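Asker: The structure under discussion is supplied below as structure tokens; questions concerning it will follow.
The values are calculated or read from the model by the stated rules, or taken from the named source; none is laboratory data. What you see is a predicted model; the values in this text were computed from it and never measured. Note that we place each Cβ from the backbone using ideal geometry, even for glycine, and neighbour counts take in every protein chain shown. Ligands, DNA and RNA are stripped out before the accessible areas are found, and what is left, the full protein with its side chains, is counted by its heavy atoms. Shrake-Rupley method; radii C 1.70, N 1.55, O 1.52, S 1.80 Å.
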Amino acid sequence: LTSSDPDIISLSNSTLTIHGAGQVEIRATQDGDHEFLKAEPVTRILSVSKADQAITFADIGERSLNEGNFFLNAVSDSGLPIEFTIDDPSVAALEGDKVTPIRAGMATITASQRGNTNYRPAETKRQLTITSLVVSVETNGSSVSLYPNPTKDFVVIESAYPLQRVEIINSLGTI
């Protein structure tokens, strides 16, 4: 037996060993002896498909703006490197496996592996939720919550009691 591409399939003592995906010709010959005539060579095509790979991507969970940067954790069972992407970079910045929260919101982070000559591409997605800081203020027994804090485009005020006066001042002292 012979293989047209030993990088894909090698042969040793009639044992085929698969090394990767691709197509090879396997040729069988028999020289004959004092009892048998020489046989005509037989050639067959053997195709080896790319293997699937699975990505294990740790749950991200809910994160708060005040937690700061955190790192993603994902691996492929093929051992090939993982790349991360985010569908909404206004929620969090992504650099390699480092995530920097920017604002409250939700985004999807994808862990992907492009595949190679032996493995098909794969991807796994996780939902990222960034929550805001909440500030609670108690005055005369009533509780008022103001969020998000810090705020960018809007603010929500919740109170268990009717509010008589609300004044919102930014860091420059203006309303």
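Asker: Within segment 51-70, count every residue that is open to solvent by 90 Å² or more (accessible area, probe 1.4 Å) and in contact with a Phe, Trp or Tyr (Cβ under 8 Å, 6 or more places away or on another chain).
Answerer: Matching residues across segment 51-70 total 1.
Asker: Assigned to a strand (DSSP E or B), at pLDDT below 90 and surrounded by 16 or more Cβ atoms within 10 Å (Cβ to Cβ): which single residue out of 75, 99, 144, 137 fits that description?
Answerer: 144
Asker: Across segment 115-131, which residue is nearest to the chain's Cα centre (by Cα) among those that are among the hydrophobic types (A, V, I, L, M, F, W, C) and either surrounded by fewer than 17 Cβ atoms within 10 Å (Cβ to Cβ) or more than 30 Å from residue 7 (Cβ to Cβ) (or both)?
Answerer: 128
Asker: Please go through segment 2-29 and give me each residue that is at positive phi and surrounded by fewer than 13 Cβ atoms within 10 Å (Cβ to Cβ), ordered by number.
Answerer: If the condition is that a residue be at positive phi and surrounded by fewer than 13 Cβ atoms within 10 Å (Cβ to Cβ), then 13, 14 are the ones that fit.
Asker: Next up: Quick one: which of 94, 80 is farther than 30 Å from residue 31 by Cα and in a loop (DSSP other than H, G, I, E, B)?
Answerer: 80
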